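Notes follow the structure.
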Amino acid sequence: MWALIPNWLKIAAVTIAGAAVLSIASFQIGKREGRSATQIEAAKEALDRINNLEKNNASFRNLTDRGRCLVFMRDSGLPDSACD
């Protein structure tokens, strides 16, 4: 069966399959890095808002560490489970 297929066609098929695998892998890596960069930016913005809360809001200053963590996580859109 393989003898009937010309070598140039086999090489082209392998090249196309390899390019497809590489493009899928690079897309997934880029998507993951973009997601983590977005989460980092959201965390930085939330930290700035929390610093303002600490300066201006006495009730926030009286929260426990877990309470502050929950405010930070909810404000930045990150999962609450990280505070446990």
Review point. Using 7 Å Cα-to-Cβ label points, what is the Ile11/Asn51 separation (nm, one decimal)?
Key: 5.9
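What does the helix-only formula give at 222 nm for the chain: each DSSP H stretch with n ≥ 4 adding -39500 (n - 2.57), the total divided by the residues, and the result rounded to the nearest 500 deg cm²/dmol? Spell out each step's value before the answer.
On the way: 3 runs with 66 residues, N = 84.
Mean residue ellipticity at 222 nm (helix-derived): -27500 deg cm²/dmol.
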Check your understanding: Pick the calculated log10 I(q)/I(0) by the Debye sum over Cα atoms at q = 0.12, 0.17 Å⁻¹ for this structure from (i) -0.62, -0.87; (ii) -0.32, -0.66; (iii) -0.56, -0.79?
Key -> (iii)
Check your understanding: Expressed as an acute angle from 0 to 90° and rounded to the nearest 10, what is the orientation of the C-alpha long axis of helix 65-76 relative to the principal long axis of the chain?
Key -> 50
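Bear in mind these aren't lab numbers, they're just calculated from the coordinates by the rules spelled out. The structure presented is a predicted model; accordingly, all values stated were derived computationally and were not measured. Don't worry about glycine lacking a Cβ; one is built from the backbone with ideal geometry, like all the others, and counts go over all protein chains shown.
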